[in-house]
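Below: the structure, in structure tokens.
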């Protein structure tokens, strides 16, 4: 496990180095004005020179993302379990799931800011809404696709509806839940940042918005770099934490589950 993680980290480092190299070559070749495309060295200088300012705002964005992730995961799992336990509820909840995904994020962000204010709450709600759909839909899909052999075994043991759900259907749906969690970790920063763009007094989205207004493109890139690093760390952390949920699966199936979720 450690060797595979090390190889992935080395591979990611190589890709990052190549991309930075191509970026620098583009800056040398095209020589755009710094306010249009600053070079890696200029962005690094902005990152170091504004380290305290960027870190303070990054911590706020990270808090919004983590709280939204927790709330979205809890609500998504609860919704999937409720629909699986009460089939009649599916007809009511499935349209809600579709609506939460179909509404453009930018369309509802101003309303959330109006209802919940410019503080933390509106950004957490935004992140929750984005995370809710992939978790609920992936877990519910896993629950309703339980292998018929397992359901026959549950009938053989004369299990109750609750036992049938928790002892047979939920374990079989774990790969779907894991995929949903990994997708959620990938999209989690979107809600918080969009909420900060619409209205906020702090956060990386706030930093990028104000840097753009002041044509501080190097600062924008520095904030964007921190946001990307946070997204990668969050995805890696969720992947590590969810690995135990499918530890009983054969290695080939676990790899299939990991490949089925976006990286």
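Within segment 12-51, how many residues are under 22 Å from residue 204 (Cα atoms) and modelled with pLDDT under 85?
Number of matching residues: 7.
For the subset of segment 162-191 comprising residues that are touching a helix residue (DSSP H, G or I) at 6+ places or on another chain (Cβ under 7 Å) and without any contact (Cβ under 8 Å) to a residue 24 or more places away in the chain, which member is nearest to residue 62 (Cα to Cα)?
Among residues in segment 162-191 that are touching a helix residue (DSSP H, G or I) at 6+ places or on another chain (Cβ under 7 Å) and without any contact (Cβ under 8 Å) to a residue 24 or more places away in the chain, the one nearest to residue 62 (Cα to Cα) is 168.
Name the single residue that is nearest to the chain's Cα centre (by Cα) among those in segment 46-89 being within 17 Å of residue 136 (Cα to Cα) and free of Cβ contacts under 8 Å to residues at least 24 places away in the same chain.
Residue satisfying both the conditions and the ranking: 70.
Condition first: under 17 Å from residue 223 (Cβ atoms), in contact (Cβ under 8 Å) with a residue 40 or more places away in the chain and in a helix (DSSP H, G or I). Can you find one or more residues in segment 95-117 that meet it? Give the steps one after another, and end with the answer.
First, the residues of segment 95-117 that are under 17 Å from residue 223 (Cβ atoms): none.
No, segment 95-117 contains no residue that is under 17 Å from residue 223 (Cβ atoms), in contact (Cβ under 8 Å) with a residue 40 or more places away in the chain and in a helix (DSSP H, G or I).
Give the residues of segment 62-92 that are part of a helix (DSSP H, G or I) and farther than 24 Å from residue 186 by Cα, sorted by residue number. Break it down into steps so the answer makes sense when it comes.
Initially, segment 62-92 is screened for residues part of a helix (DSSP H, G or I), giving 62-85, 87-92.
Answer for segment 62-92, where residues must be part of a helix (DSSP H, G or I) and farther than 24 Å from residue 186 by Cα: 82, 83, 84, 85, 87, 88, 89, 90, 91, 92.
Got at least one residue in segment 165-174 being part of a helix (DSSP H, G or I), at pLDDT 85 or above and over 30 Å from residue 201 (Cα atoms)?
yes
Restricting attention to segment 202-222, does a residue exist that is surrounded by 13 or more Cβ atoms within 10 Å (Cβ to Cβ), modelled with pLDDT under 85 and on the phi < 0 side of the Ramachandran plot?
Yes, there is a match, as at least one residue in segment 202-222 is surrounded by 13 or more Cβ atoms within 10 Å (Cβ to Cβ), modelled with pLDDT under 85 and on the phi < 0 side of the Ramachandran plot.
Could we say that residue 55 is in the same structural domain as residue 219 (by TED's automatic domain parsing), part of a helix (DSSP H, G or I) and over 29 Å from residue 133 (Cβ atoms) here? Don't jump to the end; show me each part of the working.
Numbers: in the same structural domain as residue 219 (by TED's automatic domain parsing): yes; part of a helix (DSSP H, G or I): yes; over 29 Å from residue 133 (Cβ atoms): yes.
When the stated conditions are applied, residue 55 passes them.
The values are calculated or read from the model by the stated rules, or taken from the named source; none is laboratory data. Worth saying up front: this structure is predicted, and the values here are computed from it rather than measured. Positions of Cβ are generated from backbone atoms using ideal geometry, with glycine treated the same way; all protein chains shown enter the neighbour counts.
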